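Asker: If you scroll down you'll find the structure; I have some questions about it.
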Amino acid sequence: MKIAFVGKGGSGKTTLSSLFIRHLASTGAPVVAVDADINQHLGPALGLDEAEAAGLPAMGERLPLIKDYLRGSNPRIASVATMIKTTPPGAGSRLLRVRETNPVYDACARPVELDGGAVRLMVTGPFTDADLGVSCYHSKTGAVELCLNHLVDGRDEFVVVDMTAGSDSFASGMFTRFDMTFLVAEPTRKGVSVYRQYKEYARDFEVALKVVGNKVQGRDDVDFLRSEVGDDLLVTVGHSDWVRAMEKGRPPRFELLEDANLRALRTLETAADATYELRDWERYTRQMVHFHLKNAQSWGNERTGADLAAQVDPGFLLGEGVTAPA
């Protein structure tokens with residue numbers, strides 16, 4: 001299951017995504033955690049110290065390796081240089097699976113121990129001074145999108161992505177890559193503004209969207225969120241002494257998280273699990289192609305000097321039963 005956490009800056013999306021990742025790990029589920037936010041706070045939220053977090057390999061810096069591996073023997077892709085962030089897989093492409101070992105994970109993922117369990121953590125890498133004037137951070141998050149386009153995941157397997165703040169994922173088609181999107185919103189007008197943007201953009205693409213109310217202090221806050229987002233409000237989360245200790249670098253055992261917050265995390269898992277039966281690989285593949293053609297026409301063809309529409313394999317349908325070359 002592919003799950004995104006989105007929200008405005010400061011909403012608590014990284015904290016909640018890290019709690020959800022810890023929850024999944026505590027159940028023994030295989031998890032790939034991805035920090036697609038250029039602020040790169042997910043590692044510390046999962047317990048890494050500053051040096052460990054800074055030492056994580058950046059996906060954005062390993063994009064040529066990622067492209068070369070995923071390209072495989074796909075005859076429609078003339079070279080790695082012609083692959084862009086939206087390039088879809090086709091016959092001959094290599095695919096990624098949650099439980100496997102592959103060169104992409106070897107280069108970009110690192111294990112993080114969580115209360116006896118472990119997850120794979122991947123990060124886009126921060127936006128640095130060296131990027132100023134020569135690129136934008138979408139070139140870094142493009143590595144995440146390319147991997148998601150080539151990912152085949154099954155039931156009880158999880159890829160959890162902490163997304164960029166606001167509605168930046170609409171700069172490409174990455175917002176359609178998920179089985180469930182959890183939008184973290186504070187009970188304020190600014191807190192629900194990103195929800196309105198997401199709801200409007202996602203409406204035409206059948207994106208499963210649920211709101212997690214965060215920093216909720218009482219019934220008035222719940223009523224405000226309910227009046228603003230209606231039935232999309234899935235659950236609310238309030239103050240947590242456990243989270244405060246975690247933010248100080250001294251998290252207790254995860255089993256000591258407050259009961260109300262543990263129940264909230266189980267509610268998130270149940271909502272995500274329910275989307276499995278609704279999976280539509282044909283729609284998923286069609287949307288992937290739609291955004292690739294859109295990006296190809298707007299900038300990709302000019303950037304690469306190639307007709308990127310030719311990369312689309314009309315006979316290819318991504319799905320759990322698809323096999324790919326070794």
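The values are calculated or read from the model by the stated rules, or taken from the named source; none is laboratory data. Everything numeric here is computed off the predicted structure, so don't read it as measured data. We place every Cβ from the backbone using ideal geometry, glycine too, and count neighbours over all the protein chains shown. Ligands, DNA and RNA are excluded from the accessible area calculation, which covers all protein heavy atoms including side chains. Shrake-Rupley method; radii C 1.70, N 1.55, O 1.52, S 1.80 Å.
Asker: When you go through 26, 11 one by one, which is the residue that is among the polar types (S, T, N, Q) and touching a Leu at 6+ places or on another chain (Cβ under 8 Å)?
Answerer: Just one listed residue meets the conditions, 26.
Asker: Report yes if residue 51 is of a type in the set (A, V, I, L, M) and under 30 Å from residue 308 (Cβ atoms), otherwise no.
Answerer: no
Asker: Another one. Would you confirm whether or not segment 229-236 contains a residue that is part of a helix (DSSP H, G or I), more than 21 Å from residue 27 (Cα to Cα), within 25 Å of the chain's Cα centre (by Cα) and in contact (Cβ under 8 Å) with a residue 12 or more places away in the chain? Please lay out each step first, then the result.
Answerer: Filtering segment 229-236 for residues part of a helix (DSSP H, G or I) gives 229-232.
Going one step further and asking which of them are more than 21 Å from residue 27 (Cα to Cα), we end up with 229-232.
Add one more test, that the residue is within 25 Å of the chain's Cα centre (by Cα), and what stays is 229-232.
Right, trim to in contact (Cβ under 8 Å) with a residue 12 or more places away in the chain and you get 229, 232.
Checking segment 229-236: at least one residue is part of a helix (DSSP H, G or I), more than 21 Å from residue 27 (Cα to Cα), within 25 Å of the chain's Cα centre (by Cα) and in contact (Cβ under 8 Å) with a residue 12 or more places away in the chain.
Asker: Also: Being of a type in the set (Ser, Thr, Tyr), part of a loop (DSSP other than H, G, I, E, B) and within 26 Å of residue 258 (Cα to Cα) is the requirement here; does residue 93 meet it?
Answerer: Against the criterion (of a type in the set (Ser, Thr, Tyr), part of a loop (DSSP other than H, G, I, E, B) and within 26 Å of residue 258 (Cα to Cα)), residue 93 does not qualify.
Asker: With the requirement that a residue be free of Cβ contacts under 8 Å to residues at least 60 places away in the same chain and either outside any helix (DSSP H, G or I) or open to solvent by 80 Å² or more (accessible area, probe 1.4 Å) (or both), what does segment 306-324 give you?
Answerer: Across segment 306-324, the qualifying residues are 307, 314, 317, 321, 323.
Asker: Could you check segment 178-221 and list, in sequence order, the residues that are open to solvent by 50 Å² or more (accessible area, probe 1.4 Å) and assigned to a strand (DSSP E or B)?
Answerer: 210
Asker: Can you tell me which residue within segment 239-263, out of those that are free of Cβ contacts under 8 Å to residues at least 40 places away in the same chain, open to solvent by less than 50 Å² (accessible area, probe 1.4 Å) and part of a helix (DSSP H, G or I), is nearest to residue 215 (Cα to Cα)?
Answerer: 242
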